[in-house]
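Working notes, structure below.
We did not get these values from a lab; they are worked out from the coordinates using the rules stated. The shown structure was predicted, so the numbers you read here are calculated from the model rather than taken from an experiment. Glycine also receives a Cβ, built like all others from the backbone with ideal geometry; neighbour counts cover every protein chain displayed.
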């Protein structure tokens, strides 16, 4: 069979195909092209190929395409390589944090926006690229916003580079106004233009809840059963807010269909960003014959990812976002908020790819009417410390006057500078410290994590710290498919340490290495082998950064006070995320003095008595994760963490 010919026919049938010549023409005439494309138009996979076929790589430069999520990079690069009859890593490559498949012959490169930001450090003019395409710009992630602002600077210095901004919603005028270099009233001198592309979206019938639902996880499962019993064939996509909700809904659905003896009718899957990639890819496969696929997912499936076979969407009406709630704090929380109307429409559109679809919204029509039109740009609601550090590394001196697409408040920038100063990343004038702050900008970590890694030299525990930071990068190391919670708790407890989660993660990783990274051992301990292998890769890469700084890789194992060394090193970066136990059994955070509780999967829960002082790595609403016990002396005596090197 001629697969390439088959793909050629499929490509011609996509809605974007009839705009092919116009896109090439507009790229010749304008410097910036904003494409507003409906879901299913094919813009993400096809536009890079049109540009390649039109000769935009003939001078040896690449076409670069950015995505806000890693899973999008991997799935889309694989699809485009397949359509071009080549292997990923050849003409079509990809790059995500801690992983890349590219070579000197790569012509089309997919990457996360964060990867391209890091490339700008070493190549400020992006000399390897002829065109940059920023996809899913409507999501307004902080990396996307910063990237677009920097691309504007690149275009001022490189007249030959072109930019495509792809957006699924009608915020195109904002982008056009930002990039248009025409200062006259003559539209013919515009350097930016907008092209609206129709999608292959069939009508979608919308159903609203009559009354607010008390528990949308339970309601989503009931709705799936209702669809199965009362509507036709077709797979179901269920939008929830996070990993825990996806796991809970998936388990509840499995228990329900088993109880009702319907298990033969369903193929039930989960999909979220922290899931091992191999498990994520199951959502894109055709279900076994005679089964209806149900995918419980987060907003990762809202835009660029297309899951085949979906005819029904169930929308919980909420989204989980990072947000600083206290203007005087840099403490970010993961909070659940109502989604925007634009996101609701995006979700509903997922049901209209194959034919007339149906979307069941687990909220009332009144609730929908009261939603905000667009989401708040991420840069206006998160901690700006990582953003300012990145801008400093790129040579932006006056960040207060920086030309952001959507300007954050001066107060949030001032608070971020205070945090960076307390981490010794910048001096009192706001300049990067040498070499400490400069090294922090190079590391692919958050500022607090970067400081911990660099301070591991002082505490002589760089081997242990790279293990811990690598494990923090993979989220939950336990296998997401395992359902026996009681057995899982027993095994978690065996790995746990009294000091908390960071040393528990170190225990898990060390045991994995001691057992020769065995798949069989992982299976017996209910651990995800692929996740632990990813942690192993990340650890090696973090150690390569240390070696480039001439920092030796040493272990504190067997030393006097080895546990204290590791914990003090963690405090050197995470002292801003500390909390004290109060009389009610809750913890009060140091930064914003709010009450929080320990997450249900923390090893601290196995203790008979809760520690008085702790540090934590993440705050999810009013629950904290990645917790370790520390002493009050360490938190008060911050001078012990000075590094004059």
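Applying 1/(1 + (r/R0)^6) with r as the Cβ-Cβ distance of residue 123 and residue 427 and R0 = 35 angstrom yields a FRET efficiency of 0.80. Take every pair of alpha-carbon atoms less than 8 Å apart whose residues are at least six positions apart; their mean separation over the length of the stretch 456-641 yields a relative contact order of 25 percent.
With the convex hull constructed from alpha-carbon coordinates only, the chain shows a mean projected area of 30.5 nm² over all directions. Within the stretch 327-368, what residues put their amide N at less than 18 Å from the label point 7 Å along the Cα-to-Cβ vector of residue 229? Within reach of a label on residue 229: 360. Considering only the Cα atoms of the stretch 3-197, their convex hull presents on average a projected area of 10.5 nm².
Taking 7 Å steps out from each Cα toward its Cβ at residue 510 and residue 181 produces label points 5.8 nm apart. Percent relative contact order of the chain, based on C-alpha pairs within less than 8 angstrom and at least six residues apart? This gives 11 percent for the chain.
Listing 58, 378 from fewest to most neighbouring C-beta atoms within 10 Å gives 58, 378.
For the pair residue 581 and residue 633, the difference between a 0.36 nm per residue extended length and the Cα-Cα distance amounts to 17.2 nm.
Take every pair of alpha-carbon atoms less than 8 Å apart whose residues are at least six positions apart; their mean separation over the length of the stretch 3-197 yields a relative contact order of 29 percent. Normalise the Debye intensity by I(0) for the stretch 383-447, one equal point scatterer per Cα, no solvent, then take log10 at q = 0.17, 0.23, 0.28 Å⁻¹ and round to two decimals. Calculated log10 I(q)/I(0) at the listed q: -0.51, -0.95, -1.39. The antiparallel fraction among DSSP beta bridges confined to the chain stands at about 35%.
Simple spin-label estimate for residue 418 and residue 278 gives 4.8 nm between the two label positions (7 Å along the Cα-to-Cβ direction from each Cα). In this rough spin-label picture, where each label sits 7 Å from Cα along the Cβ direction, the residue 517-residue 251 distance is 3.1 nm. Potential lengthening of the chain between residue 605 and residue 260 amounts to 120.7 nm, from the contour at 0.36 nm per residue minus the alpha-carbon distance. Legend: ranking of residues 142, 204 from fewest to most surrounding C-beta atoms inside 10 Å; resulting order 204, 142.
Taking 15 Å as the cut-off, the amide N atoms of the stretch 72-104 that come nearer than this to a point 7 Å along the Cα-to-beta-carbon line of residue 548 belong to 96-100.
Estimated at 0.36 nm per residue, the fully extended path between residue 366 and residue 588 surpasses their Cα-Cα distance by 76.2 nm.
With all pairs of separate Cα atoms included, the stretch 204-378 yields a Kirkwood hydrodynamic radius of 16.6 Å. Helical runs (DSSP H, four residues minimum) scored at -39500 (n - 2.57) apiece and divided by the length of the chain put the mean residue ellipticity at 222 nm at -11500 deg cm²/dmol.
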